[in-house]
Amino acid sequence: MPPSRLAALLSTVALAFAVGACGGDDSSDTSSSAGSSASPAANACAKSRLDLYEPGTLTIGTDKPAFPPYFEDDDPKNGKGFESAVAYAVADELGFGKDEVTWTTVPFNSSYAPGPKQFDFDINQISITPQRAKRVDFSEPYFTAPQAVIAPAGSPALGAKSLADLADKKIGVQVGTTSLEAVEASIKPTQQPLVFNDSNDVVRALDGNRVDAAVVDLPTAFYLTAAELKDSKIVGQFAAPGGDEWGLLLEKDSKLTDCVNQAVKKLADEGELKRLQDQYMGGEAAPELN
C-alpha cells in the first residue's frame, strides 16, 4: 500500500476511535443530563419551586370563629386543635416553619365557590363531594369520620365500655345517614333503633329520655354535646364504613395539589394523622368502643 494511502487509513482509524470515544462520553453526558433534567421533576415539590399565593409564605384559610376540637382559643395560629395541628404538619412536609405560615379568614360556604382563591389551601371540616370537586381541588382525605355514641345525663348507656354494652340499649339515629347501618352492623341492638327525621328530633328524643343514646358521626357528636344538648356526653366512638371524608381544599387545577397530596399521604402512611386525631378527637373526649 502506498505510504500516502496508509497514512490516510491510519488517520481515518484514529479519527473513528476518537469519535467513538467521544460518543461514549456523549452517552455518559446524556445520561447525566437526563438525570439532571429528571431532578427538577422529582423535586417539583421542593419549597423553592412551589407556586404560592404569596411568595415565601404558605397561606392557609379557615373560618372564624374556629371551634374546638379542631382549633383552640379561636386561634388557628397556635397549632392546637386537630385541624390546626394537621395544617402545620402539612406545612412542615412542604418545608415551611411555623413562622412562614399565614392564616386568613375564609367563610365556609365561600371556600368551595368557583373562582380564584386567596389562599394556598383551606382546612375547615370540608367534606369531599363530587359537586364541590367540580369547582375546587381536594387533597387526599386527612380525616374519615367515625361514628359516635352520645347519651344524656342519667342514661344507662353512659357506663358503656364496649359496643356489646350498648346492645340492649334503646338507640336513636337520624334517617338518611350511615348511622343506622353502623348501629345494625357494629352494635347489633336487641331492639330496633328509633329513626328520626332530622338532628333536631334526635336532640329532642335525647332531652326527653325517649332513647338511652343516639349514634351520629363524631363531628356531629362534638357539636351536639357542646351546643345543643344539656348535660350530655360522648360515650365513645367506633369505626364504620361510609364515613364522611374531609380534604384540604385548593383552587381548581392548582399547581400545589399534587404536592399537598404527597404531604397528606406521607402523614397518613407514617401514622401522624391518626396520632393527631387520637390526641384531639379521642382519649377521654371520645374513647374507642370495640
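In this structure, the amide hydrogen of THR102, modeled 1.01 Å from its nitrogen in the peptide plane, lies closer than 5 angstrom to those of LEU58, THR59, ILE60, counting only residues at least 5 positions away or on a different chain. For region 49-151, applying the loop criterion from DSSP together with a ceiling of 12 other beta carbons within 10 Å to the trypsin sites (Lys or Arg not before Pro) yields LYS134. Once each of the GluC sites (Glu not before Pro) sitting in a DSSP loop with at most 15 other beta-carbon atoms within 10 Å is removed, the chain keeps 1-269 as its longest stretch. Karplus-derived 3J(HN,Hα) values for region 87-103, using 6.51 cos²θ - 1.76 cosθ + 1.60 with θ = phi - 60°, are 4, 6, 5, 5, 4, 4, 4, 7, x, 9, x, 4, 7, 9, 10, 10, 9 Hz; glycine and proline are entered as x.
The three principal axes of the Cα atoms in region 69-185 give end-to-end lengths of 52, 32, 23 Å, sorted in falling order. In the context of the full set of protein chains, residues of region 147-248 present 46 Å² of accessible surface per residue (probe radius 1.4 Å, heavy atoms only).
Taking only the alpha carbons of region 101-152, we obtain Rg and Dmax values of 13.8, 45 Å in that order. Report the residues of region 94-119 in range of a label on ASP269: point 7 Å along Cα→C-beta, backbone N strictly under 17 Å from it. In region 94-119, the label zone of ASP269 (backbone N under 17 Å from the point 7 Å along Cα→Cβ) covers 94-95. The helix-based estimate of mean residue ellipticity at 222 nm for the chain, built from -39,500 (n - 2.57) per DSSP H run of four or more residues and divided by its residue count, is -10500 deg cm²/dmol to the nearest 500. Whole-Hz Karplus values for region 122-133 come out as 10, 10, 6, 6, 8, 6, 7, 10, x, 5, 5, 5 Hz, taken residue by residue from phi with 6.51 cos²θ - 1.76 cosθ + 1.60 and θ = phi - 60°; glycine and proline positions read x. Where the accessible area of region 139-284 is counted over protein heavy atoms with a 1.4 Å probe, how much of it, in %, is carbon and sulfur? Using a 1.4 Å probe with all protein chains present, region 139-284 comes out at 46 percent carbon and sulfur.
The values are calculated or read from the model by the stated rules, or taken from the named source; none is laboratory data. Nothing here was measured: the structure is a model prediction, and the numbers come from that model. Backbone-built Cβ (ideal geometry, glycine too); neighbour counts: all protein chains shown. Surface accessibility is based on the protein's heavy atoms, side chains included, excluding ligands, DNA and RNA. Shrake-Rupley method; radii C 1.70, N 1.55, O 1.52, S 1.80 Å.
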